[in-house]
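> I have a structure I would like to understand better, so I am pasting it below and will then ask my questions one at a time.
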Amino acid sequence: MRILIKNGIVIDMVNKEPKVKDILIVGNKIEKIEHKIEENADKIINAENKVIMPGLVNCHNHCAMSIFRGHSDDLELQEWLNNAIWPVEEKLTKEEIYYASLLSCIEMIKTGTTTFHDMYFLMENVAKAVEESGIRALISRTVVTEEEPRTRLKEAEELYLKYNKKANGRILVNVSLHAPYTCDERTIKKCVELAKKYKMSIHIHLSETEKENKDIKEKYGITPTEYLKKNGVFEVKTILAHCVYLSSNDINIIKKENTGIAHNPISNLKLSSGMANIVKYKENGITVGIGTDGAGSTNTLDMFEEMKVSAYIQKVLNKKSSCINAEDILKMATTDGAKVLGLDKEIGSIEEGKKADIIIINIEKPHIKPINNIYSALVYSAVGQDVETSIVDGKIIMENREIIGIDEKMIMDKCQKISDKYFR
Ligand SMILES: [Zn+2]
């Protein structure tokens, strides 16, 4: 398949200045980016007056949690997990996880995300949703301390063996530890062993709340980051979700290691967890990407909302409006996000030879015009619904806002029924 995108305003995330160019996609890769390309193609897309940019990278999600949308909205993290989420999760079936995940994949595609990073359970159903929707994902089975027979680690390994690099490489598998407060030392060490065995990265929630830091300090006498270091987590590539409360020693540990942070501003605000000072982390050379977290605590998976909120809370937190700008934020949602996941050689920017994960945005809208700075237009004015077309792995998966090959209405109806079953 050869796709030729003509005359788009290309924000490639490599060159600062946008340029009007043509892009030729052959197979799953970007073959050519030039001012004018006169070549045959199976499909020509006219992108005149539209923005062409890399698809957004959602660095932290639990995509099956869409069924929790709007359920138990106004709770703090521990109360929310213990009383609202975990008792229902125990009952979820494979089919429910599949439909809930597919709903999230649709939502992400329709708001510009082309890659997401996910941890949950019964993950073969998430993999199925990824495969069918055409999106790209790095997924894992969540591990916590458990009684005999310990099955989760085995499931994490099986997931890797069965699904890593499946769907033409769109599905990748790593391993996830839920959090320092749910994983004892033995569990963490076992996970590290597994990650080393298959060269997988580790995905973990870290220092999400003050309570977590206090509890770990009381139990082990050290911070959650120090606890992970003590148990060897940073010996492999690590993706740390949240990091709202890091000490200066924690920052020192993280900046030296092969690690990145997935910042989830809306979830942190809504669960009243706090605000992570990502400007400080970035000043220390730590790579920070943006995630949504699950729809149970964020309510939407729209990365455009996350981008805006990321910018605004830094300005307030640092009492300095210039501490971060729209271009920094867009970089976090694309190239830096890809780097956090260890996928920056393949995705995150529009470059010849990279995988063709591209979105086309309609900027001829009253809430975007007039445009003075394109980065500002995309981060501060645009919304997810402005994304018109999405290409992942060289395949058009949404065209003119229509998801290809999926009955959206049927999926929404199924998910409403699942939600009604548990919450009505
Ligand atoms: Zn999470």
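> If the only charges are +1 at each Lys and Arg Cβ and -1 at each Asp and Glu Cβ, what is the size of the charge dipole of the chain around the Cα centre, to the nearest 20 debye? Before the final figure, lay out each step's value.
On the way: 60 positive and 63 negative charges, 158 e Å.
Computed about the Cα centre, the dipole is about 760 debye.
> Now a separate question. Please name whichever of 232, 347, 4 sits farthest to the positive end of the charge dipole of the chain, dipole taken about the Cα centre and charges placed at Cβ: Lys and Arg +1, Asp and Glu -1.
The listed residue farthest towards the positive side: 232.
> Once ligands and nucleic acids are excluded and a 1.4 Å probe is used, how much of residue 146 is accessible, expressed in Å² to the nearest 10?
Result for residue 146: roughly 40 Å² accessible.
> Relative to the longest principal axis of the C-alpha atoms of the chain, give the angle of the C-alpha long axis of helix 210-220, reported between 0 and 90° and rounded to the nearest 10°.
Value to nearest ten degrees: 40.
> Still on this model: Relative contact order for region 1-51 using alpha-carbon pairs under 8 Å, separation at least 6, rounded to a whole percent?
Numbers: 104 pairs, mean separation 24.6, N = 51.
Relative contact order comes out at 48 percent.
> OK, next. For the ranges 289-295, 322-328, 350-356, what's the packing order if you count other beta-carbon atoms within 10 Å of each residue, average per peptide, and put the highest first? Intermediate results must be reported in sequence, preceding the final value.
On the way: 289-295: 28.3, 322-328: 17.1, 350-356: 19.1.
Packing proxy ranking, top to bottom: 289-295, 350-356, 322-328.
> When a/c reaches 1.5 or more, the comparison of a/b and b/c decides; with that in mind, is region 1-57 rounded, prolate or oblate per its Cα gyration tensor? Each step should come with its number before you reach the end.
On the way: a/c = 1.77, a/b = 1.37, b/c = 1.29.
Prolate, because a/c is 1.5 or more and a/b exceeds b/c.
> Convert each backbone phi in region 321-333 into a coupling constant with the Karplus relation 6.51 cos²θ - 1.76 cosθ + 1.60 (shift: θ = phi - 60°), then list the ³J(HN,Hα) values in order as whole Hz, x for Gly and Pro.
For region 321-333, the Karplus-derived couplings read 5, 8, 5, 8, 10, 4, 5, 4, 5, 5, 5, 4, 7 Hz, x marking Gly and Pro.
> A follow-up question, please. Please identify, among 135, 368, 358, the residue showing maximal mean-square fluctuation in a Gaussian network model of the chain using a 10 angstrom Cα cutoff.
368
> Let me ask you something else. On a 0 to 90 degree scale, rounded to 10, what angle separates helix 94-110 from the longest Cα axis of the chain?
Here the helix axis deviates by roughly 40 degrees.
> Then there is this: Excluding residues fewer than 8 places away in the same chain, name every one of the lysines whose C-alpha is closer than 21 Å to that of residue 365.
Cross-link targets: 6, 19, 50, 110, 308.
> Let me ask another. Return the whole-Å distance between the Cα centroid of region 60-77 and the Cα centroid of region 124-176.
Centre-to-centre (Cα) distance: 21 Å.
> Under the definition of Cα pairs under 8 Å and six or more residues apart, what whole-number percent is the relative contact order of the chain?
21 percent
> Put +1 on the Cβ of each Lys and Arg and -1 on the Cβ of each Asp and Glu in the chain; which of 62, 77, 246 then has its Cα farthest toward the positive end of the dipole?
246
> While we're here: Is the C-alpha gyration tensor of region 56-340 telling us rounded, prolate or oblate? Criteria: a/c under 1.5 is rounded; beyond that, a/b larger than b/c is prolate, otherwise oblate. Let's see the in-between values first.
Values: a/c = 1.34, a/b = 1.10, b/c = 1.21.
Judged from the Cα gyration tensor, region 56-340 comes out rounded (a/c under 1.5).
> Still on this structure: Find, among the trypsin sites (Lys or Arg not before Pro) in region 1-103, those assigned to loop by DSSP (not H, G, I, E, B) with at most 15 other beta-carbon atoms within 10 angstrom.
On the way: sites: 2, 6, 16, 19, 21, 29, 32, 36, 43, 50, 69, 91, 94; in loops: 16, 36, 69, 91.
Of the trypsin sites (Lys or Arg not before Pro), the ones in loops of region 1-103 whose Cβ has at most 15 other Cβ atoms within 10 Å are 16, 36, 91.
> Here is a follow-up. Would you work out which of 277, 45, 287 lies farthest towards the positive end of the dipole of the chain, given +1 charges on the beta-carbon of Lys and Arg and -1 on that of Asp and Glu, about the Cα centre?
287
> Taking the Cα centre of region 190-261 as origin, work out the dipole magnitude from +1 charges on Lys and Arg Cβ and -1 charges on Asp and Glu Cβ, in debye rounded to 20.
Values: 13 positive and 10 negative charges, 69 e Å.
Its charge dipole is roughly 340 debye.
> If you take every DSSP beta bridge whose two residues both sit in region 56-340, what share of them, in percent to the nearest 5, is antiparallel?
On the way: 1 of 32 bridges.
Given both bridge residues lie in region 56-340, the antiparallel proportion sits at roughly 5 percent.
> Out of 147, 235, 89, any idea which swings most in a Gaussian network model of the chain, alpha carbons joined below 10 Å?
147
> Could you give the size of the charge dipole of region 143-190 about its Cα centre, using +1 on the Cβ of each K and R and -1 on the Cβ of each D and E, expressed in debye and rounded to the nearest 20?
For this selection, approximately 380 debye.
> So how do 99-111, 307-319 stack up, highest first, on mean other-Cβ count within 10 Å?
Put in order of decreasing packing, that is 99-111, 307-319.
> Send over the Kirkwood Rh of region 253-357, from the inverse of the averaged 1/r over different Cα pairs, rounded to one decimal Å.
Working: mean 1/r = 0.0700 Å⁻¹.
Every distinct Cα pair counted, the radius reaches 14.3 Å.
> Share of region 168-240's accessible area from carbon and sulfur, percent, 1.4 Å?
Working: 1430 of 2860 Å².
Result for region 168-240: 50 percent of the exposed heavy-atom area is carbon or sulfur.
> Next up: If you average the C-alpha positions of region 78-107 and of region 309-371 separately, how far apart do those two centres end up, in angstrom?
If you average the Cα positions of each part, the centres end up 29 Å apart.
> Here's another thing I want to ask about it. Check which residues have an amide H placed less than 5 Å from residue 138's amide H, if you skip close sequence neighbours.
Correct list: 116, 117, 118, 172.
The values are calculated or read from the model by the stated rules, or taken from the named source; none is laboratory data. On a predicted model such as this, the values are computed, not experimentally measured, just so you know. Neighbour counts run over all protein chains shown; Cβ positions are idealised from the backbone, glycine included. Accessible surface areas use protein heavy atoms only, side chains included; no ligands, DNA or RNA. Shrake-Rupley method; radii C 1.70, N 1.55, O 1.52, S 1.80 Å.
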